[in-house]
């Protein structure tokens, strides 16, 4: 059965907790915060993925990831605020782009184009971690910063995303080790 899916990089809980502790006094209580258990870096949104395409996708992703080194992921300290369309607003932590991450994303997009009816994103890739959402402008966050932080990503995950009235529920469907 087909499911809504995306590929992302999990963030170590120690990193999440350290960043979240800095955000509590910055964001206050007037925003709809994302639970820290949901924090991840989306590499590519897939859309609906059926079982046939899933098997092909997983096989090719394991091959791609086996030739890639673990990624150095660096939060650059900036807090982003942007409109996502339809009156939806997002607050996110910015991640410093780097060539290995961009190359990995390109490889994921290539695999998606080979294995599914994937429509590539029209927006340029801007690595970030969504930390809050809302239906109204959230307020001024420009100039607010958190400490720079980094970690080594050793795998990517295929996530299932179920839309519910209370928000999306994510579950891990597959893991791909970055193991060159």
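The values are calculated or read from the model by the stated rules, or taken from the named source; none is laboratory data. Everything quoted here is computed from the prediction, not taken from an experiment. A quick note on method: Cβ atoms are made from the backbone with ideal geometry, for glycine too, and the neighbour counts reach across all protein chains shown.
What pairs can you find where one residue is in segment 101-128 and over 22 Å from residue 48 (Cβ atoms), the other is in a loop (DSSP other than H, G, I, E, B), and their Cβ atoms are less than 7 Å apart, with a gap of 6+ or different chains?
101/127; 102/125; 104/68; 127/97
Could you list, in sequence order, all residues of segment 17-40 that are assigned to a loop (DSSP other than H, G, I, E, B) and surrounded by fewer than 12 Cβ atoms within 10 Å (Cβ to Cβ)?
28, 29, 30, 35
How many residues does segment 41-73 contain that are under 16 Å from residue 161 (Cα atoms) and not in a strand (DSSP E or B)?
So the answer is 3.
State which residue pairs qualify: first residue under 16 Å from residue 80 (Cα atoms) and inside segment 18-32, second residue at pLDDT 70 or above and assigned to a helix (DSSP H, G or I) in any location, beta carbons under 9 Å apart, and separation of 6 or more residues or different chains.
Note: pairs meeting the criteria are 19/36; 20/36.
If residue 43 satisfies every condition in (1) touching a strand residue (DSSP E or B) at 6+ places or on another chain (Cβ under 8 Å); (2) surrounded by fewer than 17 Cβ atoms within 10 Å (Cβ to Cβ) but one, which is the exception?
Result: residue 43 fails condition (2) only.
Which members of segment 1-35 meet the condition of being touching a helix residue (DSSP H, G or I) at 6+ places or on another chain (Cβ under 6 Å) and modelled with pLDDT of 90 or more?
Hits for segment 1-35 are 7, 16.
If we scan segment 5-16, do we find a residue that is part of a helix (DSSP H, G or I), over 16 Å from the mean Cα position of the chain (by Cα) and surrounded by fewer than 19 Cβ atoms within 10 Å (Cβ to Cβ)?
yes
Quick one: would you say residue 114 is on the phi < 0 side of the Ramachandran plot, part of a loop (DSSP other than H, G, I, E, B) and out of contact with any strand residue (DSSP E or B) (no Cβ under 9 Å at 6 or more places or on another chain)?
In short, no.
Among 76, 117, which is the only one that is more than 22 Å from residue 155 (Cβ to Cβ) and surrounded by fewer than 13 Cβ atoms within 10 Å (Cβ to Cβ)? Lay out the reasoning, then the answer.
Details: 76 fails: surrounded by fewer than 13 Cβ atoms within 10 Å (Cβ to Cβ).
Matching residue, one of 76, 117: 117.
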